[in-house]
Amino acid sequence: MYYMLLIYECTDRPQPGDPGFEQALERVNAYADECRRRGVFVAGDPLKKASTATTVRVREGKTMLTDGPFAETHEHLGGYYIFDCRNLDEALELAAMCPMAQTGSIEVRPLDHIPGLTHGVA
């Protein structure tokens, strides 16, 4: 079963050139390598800051664009992983191992399978 790990509130991550950046990068790369070694890694990427988001809504045929994320919240989505796990227990174990769980939170959600849908990994 495919699971998405949604990484929230990791906005304090060090940037290239910051103190601690190399160590943080090593931890994240080691985590991804471990997930690859286990054969569960499908995809994963960080996201730019929430301030770079644009939200699109279409109402009554009119497109409305809003700067920023969909919801006003204190926790912003900072990245994701998609894993192909045996079960929820394995997905939760991997979420707890994620370095970003130490400073933010990881939402674990199974991907849905919709018969007839012609895209997606599930």
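At a glance:
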{"quantity": "Point-to-point label distance, residue 26-residue 62, nm (Cα→Cβ direction, 7 Å offset)", "calculated": "5.6"}
{"quantity": "Approximate spin-label separation residue 114-residue 55, in nm, with each point projected 7 Å along Cα-to-Cβ", "calculated": "2.1"}
{"quantity": "Exposure proxy ranking, count of Cβ atoms within 10 Å, fewest first, for 105, 51", "calculated": "51, 105"}
{"quantity": "Around residue 91: net Lys/Arg minus Asp/Glu count, Cβ-Cβ under 15 Å", "calculated": "-4"}
{"quantity": "Proxy reagent accessibility, fewest Cβ within 10 Å first, across 26, 90", "calculated": "26, 90"}
{"quantity": "Low-density loop positions, chymotrypsin sites (Phe, Trp or Tyr not before Pro), segment 2-107 - DSSP coil, at most 16 other Cβ in 10 Å", "calculated": "70"}
{"quantity": "Relative contact order [Cα under 8 Å, 6+ residues apart], the chain, whole percent", "calculated": "46"}
{"quantity": "Fewest-first ranking of 97, 4, 64, using other Cβ atoms within 10 Å as the exposure measure", "calculated": "64, 97, 4"}
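Read the figures in this text as sums done on the coordinates, not as results from a lab. These numbers come from a predicted model, not from an experiment. Glycine also receives a Cβ, built like all others from the backbone with ideal geometry; neighbour counts cover every protein chain displayed.
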